Amino acid sequence: MEKMRSINSDVYVTEEIYPSVGRSQMEFLRHGLAGTSRGRIRLCAHKRNEDSLHEMFIAFAGANYIRPSRHLGKDESLHMLDGVGDYFFFNEGGEVSDMVSLGTYESGYQFYCRIPAGQEHNLLIRSDDVAVHETTVGPFSRGDTVFSAWSPGEDNHVGMQHFMADQRGRVQSERHLLSMNRSGPEVFVADEHIVSVGKREIEFLKAVVPTTDRKRIRLCAHKDLENPLHEMFVIYTDMTYVKPNKHINKDESLHILEGEADFIFFDESGNIMEIIPLGDYNSKRQFYVRVPAFAWHTIVMRSKILVIHEVISGPFRREDTLWAPWAPTETDYGAVAHFLDRMRTAVATKT
């Protein structure tokens, strides 16, 4: 994300038409920690507080105390990019009810955790710093976050240190395989109060994808179609064709976990407007792209397997997605092959 506007020492906001983030942008944030007021710095991929989908890329210094809180009427999620930590969940009395150990995609711990609305929680950082991708729904209102009355405030330095020392004394552990229900040939839905995803869940999905007709599978981290925050872990293969489409009044985003692809934006006539090479966090490509509402787009695979963390605003309405009239249908195999060849030629020419 080359074009960003500084709000203050702690906050940047994208100014790109098609926002994308790569490793270099995350390193920029981590290097900027020393100049922040609270040891945390963020880049907002959304442009306005009123946007319905809020996504932030945040770096935290390891000494940070993140006070327990709950969010009113809003789910949120955290996707760990660098570092190690734990999410703690509490009952109304402040006792720990659950704990999710977090690390990077390759760490063996969960890399993703979703926090239900109203659930008291906090993040403990166990490394020198962490970098995360955080997602929630808008609009932003400071009153939607309620700090836990039983937890020490940020001005209570002794209480903070005791609280974090107690949390650090708890042993990290790998999470059990997420419980999920299969709701269709290409869809699993998470079936736990606290939804967390690690490499084991992804390997399970990868084992299923060859058995599907369209060579794609997804795990929904949201429980129902009406939820305002839809998050899916999607597996595509090199045999997958995604017909160009656009979403009405909804931004969406793709965060690549494994594999490579090219993301392509079009004008109303099907002419290519922008190509963004995508890859995983450790590749030299951008790992994240945000798709504005009403933008025609598709993704063209470059690897045998592509693993994506996809986010879009809910509720789900089939009519909110329009399919490009100038693109071939999935069952017109010859036309699909020709279209993909044309896209790959355009990519080779423009990148």
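Values as computed for the structure displayed
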item: Any hit, segment 86-102, residues being within 24 Å of E231 (Cα to Cα), touching a residue at least 24 places away in the same chain (Cβ under 8 Å), of a type in the set (S, T, Y) and not in a strand (DSSP E or B); result: no
item: Residues located in segment 253-262, provided they are surrounded by fewer than 21 Cβ atoms within 10 Å (Cβ to Cβ) and part of a strand (DSSP E or B); result: E258
item: Odd one out for R175, checked against (1) in the same structural domain as A293 (by TED's automatic domain parsing); (2) in contact (Cβ under 8 Å) with a residue 40 or more places away in the chain; (3) of a type in the set (K, R); result: (1)
item: Enumeration of residues in segment 220-234 that are in contact (Cβ under 8 Å) with a residue 40 or more places away in the chain and either not assigned by TED's automatic domain parsing to the domain that holds E258 or not polar (S, T, N, Q) (or both); result: A221, H222, L225, E226, P228, L229, H230, E231, M232, F233, V234
item: Subset of segment 204-213 that is surrounded by 12 or more Cβ atoms within 10 Å (Cβ to Cβ) and out of contact with any strand residue (DSSP E or B) (no Cβ under 8 Å at 6 or more places or on another chain) - its residue that is farthest from G259 (Cα to Cα); result: T212
item: Pick from segment 279-334, criterion under 17 Å from the mean Cα position of the chain (by Cα) and of a type in the set (K, R), ranking: surrounded by the fewest Cβ atoms within 10 Å (Cβ to Cβ); result: R285
item: Elements of type strands (runs of 3 or more DSSP E) in segment 272-323, at least 3 residues being under 22 Å from P228 (Cα atoms); result: 286-291, 305-313
item: Qualifying position, being in contact with a helix residue (DSSP H, G or I) (Cβ under 9 Å, 6 or more places away or on another chain), surrounded by fewer than 18 Cβ atoms within 10 Å (Cβ to Cβ) and at pLDDT 95 or above, among G153, G118, G169; result: G153
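The values are calculated or read from the model by the stated rules, or taken from the named source; none is laboratory data. Predicted model, so just to flag it, every value in this text is computed and none were measured. Every residue, glycine as well, gets a Cβ built from its backbone with ideal geometry; the counts of neighbours run over all protein chains shown.
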